[in-house]
Every structure is written in C-alpha cells, then in structure tokens.
Amino acid sequence: MKRIVLMALLALALPVAAFAGSVDFGNTGGTLAGSSAGLTITGSNLTSVIGLGSGTCATFAPCGSVTFTTGALTSGNLTTGGTFSSVGSSFQIMGNGTDGLPAVIFSGSFIGSVSWIENTNCGTDGSICYTLTGSISGTWYTGATVNGATVQLTFNAGKNGFTGSVPLASGDTVITTTVPEPGTLGLLGTGLVGLAGIVRRKLKG
C-alpha cells in the first residue's frame with residue numbers, strides 16, 4: 001500500500017516540476033471497470049488542482065470529478081496488459097462549484113492509443129495492479145482547444161488480475177494551456193512512459 005501511495009505522489013509531482021503553461025489535476029478513488037469493449041472510470045474525485053482556481057481543493061474537500069471511457073481493446077488483453085483505441089473515447093474534468101472552478105473544466109477524448117500496463121507483485125501475496133496512460137485533446141473551459149496527458153494508477157486487483165473492475169488509487173492529468181514549444185507534448189508523453197516503468201520497478205522491488 002505504501003508503495004502505491006509513493007507512486008501516486010510521484011505521479012502528482014512529475015508534471016508540476018516539468019511544465020510551465022499547464023494545469024495539473026489530481027484525482028483519487030473511484031472504480032475502473034470494463035471489458036474488451038473499453039474501460040470506464042466512475043466515482044473518482046478531483047482532489048488537487050495546481051494552476052487554476054483558488055487552491056482549496058483537497059482529498060477531504062474535493063472540488064469536482066474526473067471521468068473517462070476508452071475505446072475498444074486493440075491488442076493484448078485485460079489481465080496482462082494491452083492497448084485500447086481512442087475511437088469512441090471520452091475524457092472529462094468537471095467542477096462542483098467550489099474552489100472557483102467552472103462546471104465543465106475540460107471535455108474531450110483520448111488521442112492515439114491508450115496503454116494498459118500490468119504491474120506484478122503489487123503486494124506481498126503477488127497481487128497485480130495496473131497503470132493506464134494516454135494523451136488527450138479537447139475543449140478547455142475558455143473554448144480553446146487544448147492537449148494533455150493522463151496517468152491513472154489502480155489499487156491491487158488480486159492475484160488473478162483484472163476481472164472486470166478494480167479500485168482506482170490515484171491519477172494525474174496535465175492540460176497544456178498555452179501553445180507548447182516543439183517537443184513539449186512529446187516530453188510529457190515520455191515522462192508518462194517513464195513513470196509507468198518506475199511504477200513497475202518499484203512495485204517489484
């Protein structure tokens with residue numbers, strides 16, 4: 001459990017340290033469920049916002065929600081990891097009227113493939129957990145078109161792995177609100193891939 005929390009904190013810290021002209025959103029809790037037709041997160045609270053609002057958002061005082069649905073599985077499988085399509089996907093960050101945030105902060109979808117990565121040995125009993133990463137694009141609350149990326153970390157799914165649903169530990173989404181310099185979005189994607197690798201190594205260690 002401590003290792004999952006450590007990785008969650010790393011996910012929250014990485015984008016803030018790396019990017020200017022962006023807003024960082026942290027979410028906790030909820031359930032990630034689905035099948036080969038796609039994965040959906042529900043009940044995940046928006047508990048951290050850096051770069052927008054008044055800064056009062058917290059785990060004990062959530063200021064909204066994060067929801068998303070991927071497209072269908074295109075390779076691999078749900079148990080040992082795979083890739084989901086972005087076709088038919090959605091991604092929304094919503095405010096609840098607190099922290100000075102708008103009701104609809106971001107509304108868009110995944111772009112490109114969505115990675116579903118198995119992390120073995122998440123517990124002393126050999127339990128499995130997962131990391132979901134992907135790039136997103138959509139409409140900012142100002143009406144502008146913006147891009148970003150997300151990483152979502154699950155709690156243990158048990159020794160048998162994903163069987164239809166798993167609790168979400170935490171997630172982090174970074175939205176770039178200014179026109180990025182060349183390579184910035186690529187760097188963000190590389191950071192997410194690196195984070196996924198660190199998660200796997202730490203959970204095995």
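Quick look at the numbers
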{"item": "Filtered residues of the stretch 120-152 (kept if open to solvent by 10 Å² or more (accessible area, probe 1.4 Å), touching a helix residue (DSSP H, G or I) at 6+ places or on another chain (Cβ under 7 Å) and under 26 Å from Gly88 (Cβ atoms))", "result": "Thr133, Ser135, Asn147"}
{"item": "Search result, residues across the stretch 97-119 that are part of a loop (DSSP other than H, G, I, E, B), at negative phi and either within 14 Å of the chain's Cα centre (by Cα) or loosely packed, with under 15 Cβ neighbours inside 10 Å (or both)", "result": "Ala103"}
{"item": "Output for the stretch 35-68, where each listed residue is open to solvent by 30 Å² or more (accessible area, probe 1.4 Å) and under 16 Å from Tyr130 (Cα atoms)", "result": "Ser35, Ser36, Thr40"}
{"item": "Considering residues of the stretch 80-96 that are open to solvent by 50 Å² or more (accessible area, probe 1.4 Å) and not in a strand (DSSP E or B) only, the residue nearest to Thr177 (Cα to Cα)", "result": "Asn96"}
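The values are calculated or read from the model by the stated rules, or taken from the named source; none is laboratory data. This one's a predicted model, so the numbers in the text were calculated from it and none came from an experiment. Ideal geometry is used to build each Cβ from the backbone, glycine not excepted, and the neighbour counts take in all protein chains shown. Side chains are part of the model used for accessible areas, which takes the heavy atoms of the whole protein and leaves out ligands, DNA and RNA. Shrake-Rupley method; radii C 1.70, N 1.55, O 1.52, S 1.80 Å.
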